[in-house]
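Structure, as structure tokens:
The values are calculated or read from the model by the stated rules, or taken from the named source; none is laboratory data. This one's a predicted model, so the numbers in the text were calculated from it and none came from an experiment. Here Cβ is always computed from backbone atoms with ideal geometry, including for glycine, and neighbour counts include all displayed protein chains.
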Amino acid sequence: MTARSPAAPTRDPAWLKWTLITVALAYVVVVLALPLLAVFVEALRKGEAAFFASFNEPAALSAIQLTLLVTAISVPLNTVFGLTAAWAITKFEFVGKSFLTTLIDLPLSVSPVIAGLVYVLLYSVHGWFGPFFAERGIEIIFAVPGIVLATTLVTFPYVARELIPLMQQQGTDEEAAAATLGAGPWRTFFLVTLPNVKWALTFGVLLCTARAMGEFGAVSVVSGHIRGQTSTMPLHVEILYNEYNFVAAFAIASLLALFALVTLAVRAVLESRFEAELAAADRT
Amino acid sequence: MAGAVASPAGAAKRWRFREPSALGGFWPSFGFVAVYMSLIVLIPLAALVLRPWEIGIDGVWRAVSSERTVAALRLSFGAAAVAAAVNAVFGTIVAWALVRYEFPGKRVVDAFVDLPFALPTAVAGIALASIYAPNGILGAAFGAHDIRIAYTPIGVMIALVFIGFPFVVRAVQPVLADLEREVEEAAATLGASRWRTIAQVIWPSIAPAMLTGFSLAFARAVGEYGSVIFIAGNLPMVSEIAPLLIIIRLEEFDYAGAAAIGLAMLVISFALLFALNALHAFMIRRGGA
């Protein structure tokens, strides 16, 4: 169809359409696809054997373990927080509600390095609460608790952010009906609210997990980079890279990249399911 | 406060913290949220606001106004602004292609846009460094024309372009999708050329969304660390970003100095974001009039 066809006054001419598509695709390929591809190419540069050998290292295994441990603590914490905050914010009217919502997003505009720095200011030997814990033999900075705290701060908003808009839109009618029929808050929450938001919750938790596993700046400040002890996967990648052990660095990185790709795929699948669900909700 | 929903009888009604509700569980959940947020976010940020002053106003001023700090802040904010502007242009083109056209692989591209949200920044950092290093595929190509990217401010900007990529696309996409075709058709039927339709109908609707995306990408890029440090080369005064300088100060046990730079970054960012928000509100008002 040509641009002059009267049937399509808002259609862009074919040359413009294909130019814009080409520019868009070229940009996506250069900015996004190339770096991702580079991770896998560099990881496999010296063959499969070298690639797999990278994981068979005590320091690599301990980094993977530490990352899993930190993720297993901070993601559940932020999930419980996200659900509670979304419940309070979307199901009730109270003074300062929009201020609270803004505060939840605050960590998104704080540099990860600053997120690590604030815990050093609090819990290091020269920090406000550092001496208190030091006297009791509890190490926070340059130890696992500090890494957990910094990761929790950086991934703080993700679950809440996914839930709040959806629960806002769903309103309180169903919960009010349940309450009128005699259900207590817990029963209402588990039987009415939770099933309504399960996909948003799943995605929020997934995104939070991806960010928690990959957090670098904040963790870098509080960890002290003790190899085999306080090194998470991203920190271990940095150590290996700075030692010019590129194959091992990219091998560990490829594991993280793979997880990122799974996250994106699950999101795409969830979103197509979501659309159907939301459309169904609109019809009723 | 803004959260208190004004009711018609508001003036006559007694003030209360929360409106009555049939649902239970407000106080336990509100209490938990308040305590958890204080521990994880508010008290730590309070330390950032208060601790720099230990070295006095003079000390803070010296920490923030030293030549090296000013150069680092200028690089972080400058490169973030350039990167966000690049993304504002190309991100809008990507959003336009995704909303308006059909092409093979469109769904994959759409899902792929969020890659920088999911990919750990250190992974992106070493990948970008390997591509743009003098012996990397793009680094070698540019090197042949005597353009150095890695270990220069251009490298910093490239990393920030990667990090900010999704924001403009995701801000503009829904606005373009909601833009009613009828309005465009009406403009065309009334004799407007395609360019005039774009300039007077489409542009005013998507410009505020572009600005939103720009602001988000900018805010994210200013504090970015992991994807930048590998490609930047970290030369003081040339390619050293502000977050790295904070870490250097910490390693020197200059905690107050580190906190002062952190506080300066936050204050400048919030001031700029506030201005961008005001500009956004102005654009929306004009667009609506």
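Listed here are the residues, each with its yes/no results for (1) of a type outside the set (Val, Ile, Thr); (2) buried (at least 16 other Cβ atoms within 10 Å of the Cβ); (3) part of a helix (DSSP H, G or I).
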| position | (1), (2), (3) |
| --- | --- |
| A:ARG11 | yes, yes, no |
| A:TRP15 | yes, no, yes |
| A:ILE21 | no, yes, yes |
| A:SER62 | yes, yes, yes |
| A:THR79 | no, yes, yes |
| A:TRP87 | yes, yes, yes |
**Q.** Failed item, numbered, when A:THR188 is tested on (1) free of Cβ contacts under 8 Å to residues at least 24 places away in the same chain; (2) over 21 Å from B:PHE32 (Cβ atoms); (3) crowded, with 21+ Cβ neighbours inside 10 Å
**A.** (2)
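Quick grid of which residues meet (1) closer than 30 Å to B:GLU251 by Cβ; (2) out of contact with any Ser or Thr (no Cβ under 9 Å at 6 or more places or on another chain):
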position: A:PHE142; (1), (2): yes, no
position: A:LEU149; (1), (2): yes, no
position: A:THR155; (1), (2): yes, no
position: A:ARG161; (1), (2): no, yes
position: A:ASP173; (1), (2): no, yes
position: A:ALA176; (1), (2): no, no
position: A:LEU191; (1), (2): no, yes
position: A:ALA200; (1), (2): no, yes
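If I filter the stretch B:25-32 for residues that are at pLDDT below 80, facing chain A (nearest Cβ under 7 Å) and under 30 Å from A:VAL75 (Cβ atoms), do I get at least one hit? Don't jump to the end; show me each part of the working.
Start the filter on the stretch B:25-32 by keeping residues that are at pLDDT below 80, which leaves none.
No; the residues of the stretch B:25-32 include none that is at pLDDT below 80, facing chain A (nearest Cβ under 7 Å) and under 30 Å from A:VAL75 (Cβ atoms).
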Q | Out of B:PRO28, B:PRO20, B:PRO44, sole residue that is over 21 Å from B:VAL228 (Cβ atoms) and not in a helix (DSSP H, G or I) | A | B:PRO20
Q. For the stretch B:231-274, which residues satisfy the criterion of being free of Cβ contacts under 8 Å to residues at least 24 places away in the same chain and under 13 Å from B:PHE77 (Cβ atoms)?
A. B:VAL267, B:PHE270, B:ALA271
(Q) So, B:LEU263, is that one under 20 Å from A:VAL120 (Cβ atoms), modelled with pLDDT of 95 or more and over 17 Å from the mean Cα position of the chain (by Cα) or not? (A) yes
Q. Given (1) of a type outside the set (D, E, K, R); (2) farther than 18 Å from A:PHE92 by Cβ; (3) more than 10 Å from chain B (Cβ to nearest Cβ); (4) touching a residue at least 40 places away in the same chain (Cβ under 8 Å), where does A:GLN168 come up short, assuming only one miss?
A. (2)
Q: Being more than 8 Å from chain B (Cβ to nearest Cβ) and closer than 23 Å to B:GLN200 by Cβ is the filter; apply it to the stretch A:16-35 and report the residue that is modelled with the highest pLDDT.
A: A:THR19
Q. In the list A:THR71, A:THR84, A:THR79, which residue meets the criterion of being β-branched (Val, Ile, Thr) and either within 10 Å of chain B (Cβ to nearest Cβ) or free of Cβ contacts under 8 Å to residues at least 24 places away in the same chain (or both)?
A. A:THR84
Q: Please give the helices (runs of 4 or more DSSP H) falling wholly within the stretch B:49-164 in which 1 or more residues are in contact (Cβ under 8 Å) with a residue 24 or more places away in the chain, more than 8 Å from chain A (Cβ to nearest Cβ) and surrounded by fewer than 24 Cβ atoms within 10 Å (Cβ to Cβ).
A: B:56-65, B:67-100
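Test A:THR71 against the stated conditions and say whether it is within 30 Å of A:VAL192 (Cα to Cα), at pLDDT below 95 and among the polar types (S, T, N, Q).
No.
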Q: Go through the residues of the stretch B:200-215 one by one and say whether even a single one is at pLDDT 95 or above, within 30 Å of B:PRO52 (Cβ to Cβ) and either more than 12 Å from every other protein chain (Cβ to nearest Cβ) or in contact with a Phe, Trp or Tyr (Cβ under 6 Å, 6 or more places away or on another chain) (or both).
A: yes
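Conditions (1) modelled with pLDDT of 90 or more; (2) over 24 Å from the mean Cα position of the chain (by Cα); (3) aromatic (Phe, Trp, Tyr), marked per residue:
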residue	(1), (2), (3)
A:ALA150	yes, no, no
A:PRO157	yes, no, no
A:THR180	no, yes, no
A:ARG211	yes, no, no
A:GLY214	yes, no, no
A:HIS236	yes, no, no
A:GLU243	yes, yes, no
A:PHE250	yes, no, yes
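Scan the stretch B:249-265 for residues that are more than 7 Å from chain A (Cβ to nearest Cβ) and out of contact with any Pro (no Cβ under 6 Å at 6 or more places or on another chain) and jot them down.
Passing the criteria: B:ARG249, B:GLU251, B:GLU252, B:PHE253, B:ASP254, B:GLY257, B:ILE261, B:ALA264.
Looking only at the stretch A:179-196, decide whether some residue is part of a helix (DSSP H, G or I), charged (D, E, K, R) and either closer than 24 Å to B:MET37 by Cβ or more than 11 Å from chain B (Cβ to nearest Cβ) (or both).
Just the residues of the stretch A:179-196 that are part of a helix (DSSP H, G or I), to begin with: A:179-180, A:185-196.
Narrowing the set further to residues that are charged (D, E, K, R) leaves A:187.
With the extra rule that they be either closer than 24 Å to B:MET37 by Cβ or more than 11 Å from chain B (Cβ to nearest Cβ) (or both), the set shrinks to none.
No.
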Q | Selection count, the stretch B:234-265, where residues are outside any helix (DSSP H, G or I), among the β-branched types (Val, Ile, Thr) and surrounded by 21 or more Cβ atoms within 10 Å (Cβ to Cβ) | A | 1
Q: Please name all residue pairs, on different chains or six or more residues apart, with Cβ atoms under 6 Å, provided the first residue is in the stretch A:89-109 and is polar (S, T, N, Q) and the second residue is in a loop (DSSP other than H, G, I, E, B) and modelled with pLDDT under 90.
A: A:SER98/B:ALA2; A:SER98/B:GLY3
**Q.** Count of the stretch B:166-183 residues which are buried (at least 20 other Cβ atoms within 10 Å of the Cβ) and at pLDDT below 85
**A.** 0
